[in-house]
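The values are calculated or read from the model by the stated rules, or taken from the named source; none is laboratory data. As the structure is a computational prediction, the values presented were derived from the model and not from experiment. Here the Cβ positions follow ideal geometry from the backbone for every residue, glycine too, while neighbour counts run over all protein chains shown.
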Amino acid sequence: MIPDPLFPIRQPRYARQMAVGDGHLVYVEECVADYGLPVLFLHGGPGSGCSPVQRRLFDPQRFHAVLFDQRGCGRSKPLGSLRANTTAHLVTDLEYLREALGIPAWIVFGGSWGSLLALTYAQLYPERVLGLVLRGIFLGSAEEIRAYVQGGNGVPPEAWQAFAEAMPAGERGDLLAAYTRRILGDDLLVATAAAHAWLDYERAQMGEAPLTAAPDAVQLAKARIQLHYLSNHCFLNPGQLLAGVDRLRHIPATIVQGMADPVCPPHIAEKLHRAWPEATWMPVAGAGHGGLSPPIAKACIKALGWVAECVEG
């Protein structure tokens with residue numbers, strides 16, 4: 001068994017709500033080492049928000065870590081809001097936060113959905129990105145979304161069966177549409193029941209137990225935001241992120257990939273690495289999707305240290 005690789009628990013030095021426009025307030029926290037190297041952490045989901053344990057990925061003596069809950073999720077307000085909530089809006093928020101915090105450029109560290117957001121941001125603002133740490137690659141393609149929802153990634157058959165059977169038989173050919181109609185619909189009871197099945201399906205792929213109660217407001221917001229993004233192709237053009245790799249070749253980057261990840265399967269990360277061989281490939285044998293599982297966390301901490309060394313020269 002791998003020992004706990006995470007750094008000690010700590011409280012943020014600063015935590016605040018910041019207005020980013022369109023009626024959204026995003027929760028932002030900073031774990032600041034004096035003169036630390038700036039690093040932005042992008043959570044997954046979309047819609048998952050940050051957790052206190054994610055602060056433990058960052059060496060408190062080395063990094064000025066910025067963590068925030070993206071629009072509509074976690075501690076951001078209004079919770080669950082889909083208004084002005086697209087990938088482009090989130091990228092604009094990153095630049096606003098960077099400028100507001102007085103950070104000239106930073107390392108960007110994103111996992112799962114966060115890897116997609118990191119790539120999108122870096123391709124638009126490469127001059128603001130010192131380095132990239134990408135974990136559990138998600139490119140937002142129709143192929144990835146379809147495989148996830150229709151059980152094509154090696155999910156336990158019983159988990160997918162329960163997920164499919166939560167929808168009427170006639171709608172199981174397009175489960176994304178079926179879940180989207182319900183979770184984004186106006187009937188709260190129907191939305192809550194569908195969100196419960198949706199979230200339990202995700203939890204099964206993460207090796208986690210089902211929810212023991214109906215989703216709370218934060219969990220329901222997460223499901224709403226996920227369906228909003230996935231049903232809109234993550235607000236990206238087909239092939240956009242692979243086509244934009246040329247803008248990143250000069251940036252120190254690592255790709256950390258669990259080789260038994262059913263949520264963001266390895267062949268997607270391998271596709272990115274083939275397009276971007278300059279990025280350092282860090283496969284983690286036998287590891288799944290969880291970014292805080294000891295083998296993945298250990299690899300991410302190592303990757304961040306390597307990128308920091310490249311930046312610091």
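Can you find even one residue in the range 203-224 that is over 17 Å from Leu82 (Cβ atoms), within 17 Å of the chain's Cα centre (by Cα) and surrounded by fewer than 19 Cβ atoms within 10 Å (Cβ to Cβ)? First the steps, then the outcome.
In the first step, residues of the range 203-224 are kept if they are over 17 Å from Leu82 (Cβ atoms); the result is 203-214, 216.
With the extra rule that they be within 17 Å of the chain's Cα centre (by Cα), the set shrinks to 203, 205-206.
Filter again for surrounded by fewer than 19 Cβ atoms within 10 Å (Cβ to Cβ), leaving 203, 206.
For the range 203-224, residues over 17 Å from Leu82 (Cβ atoms), within 17 Å of the chain's Cα centre (by Cα) and surrounded by fewer than 19 Cβ atoms within 10 Å (Cβ to Cβ): present.
Do we have Trp113 as in contact with a Pro (Cβ under 6 Å, 6 or more places away or on another chain), of a type outside the set (Lys, Arg) and either more than 30 Å from Arg203 (Cβ to Cβ) or without any contact (Cβ under 8 Å) to a residue 12 or more places away in the chain (or both) here? Outline the logic, then answer.
Working: in contact with a Pro (Cβ under 6 Å, 6 or more places away or on another chain): yes; of a type outside the set (Lys, Arg): yes; either more than 30 Å from Arg203 (Cβ to Cβ) or without any contact (Cβ under 8 Å) to a residue 12 or more places away in the chain (or both): no.
No: the conditions fail for Trp113.
Can you pull out the helices (runs of 4 or more DSSP H) entirely within the range 124-209 that have at least 2 residues that are among the acidic types (Asp, Glu)?
142-149, 157-165, 188-205
Determine, yes or no, whether Val20 is β-branched (Val, Ile, Thr) and closer than 20 Å to Cys310 by Cβ. Lay out the reasoning, then the answer.
Details: β-branched (Val, Ile, Thr): yes; closer than 20 Å to Cys310 by Cβ: no.
No, not satisfied.
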* **Every residue from the range 251-302 that is in a helix (DSSP H, G or I) and hydrophobic (A, V, I, L, M, F, W, C)** => Ile268, Ala269, Leu272, Ala275, Ile296, Ala297, Ala299, Cys300, Ile301
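Given Ala147, Ala164, which one is in contact with a Lys or Arg (Cβ under 6 Å, 6 or more places away or on another chain), not assigned by TED's automatic domain parsing to the domain that holds Ala275 and not acidic (Asp, Glu)? Outline the logic, then answer.
Details: Ala147 fails: in contact with a Lys or Arg (Cβ under 6 Å, 6 or more places away or on another chain).
Answer to the selection: Ala164.
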* Asked: Out of (1) modelled with pLDDT under 95; (2) of a type in the set (Gly, Ala, Ser); (3) not assigned by TED's automatic domain parsing to the domain that holds Ala162, what's the single condition that is false for Gly244?
  -> (1)
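Is there a residue in the range 45-68 that is assigned to a strand (DSSP E or B), out of contact with any Pro (no Cβ under 9 Å at 6 or more places or on another chain), of a type in the set (Val, Ile, Thr) and at pLDDT 95 or above?
The initial filter retains those residues of the range 45-68 that are assigned to a strand (DSSP E or B), namely 63-68.
Applying the additional criterion that residues be out of contact with any Pro (no Cβ under 9 Å at 6 or more places or on another chain) yields 68.
Adding the requirement that they be of a type in the set (Val, Ile, Thr) leaves none.
Checked against the condition, which is being assigned to a strand (DSSP E or B), out of contact with any Pro (no Cβ under 9 Å at 6 or more places or on another chain), of a type in the set (Val, Ile, Thr) and at pLDDT 95 or above, the range 45-68 yields no hits at all.
I want to confirm something. Restricting to the range 230-250 and keeping residues that are under 16 Å from the mean Cα position of the chain (by Cα) and assigned to a helix (DSSP H, G or I), which single residue is farthest from Tyr201 (Cα to Cα)?
It comes out as Leu241.
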* Structure fact -> The residue that is nearest to Val311 (Cα to Cα), considering only those in the range 29-44 that are modelled with pLDDT under 95 and either not assigned by TED's automatic domain parsing to the domain that holds Thr86 or not in a strand (DSSP E or B) (or both), is Gly36
* Go through the range 267-313 residue by residue and tally those that are among the charged types (D, E, K, R) and more than 26 Å from Gly152 (Cα to Cα). => 5
* Odd one out for Arg249, checked against (1) in the same structural domain as Ile268 (by TED's automatic domain parsing); (2) among the basic types (Lys, Arg); (3) in contact (Cβ under 8 Å) with a residue 60 or more places away in the chain -> (3)
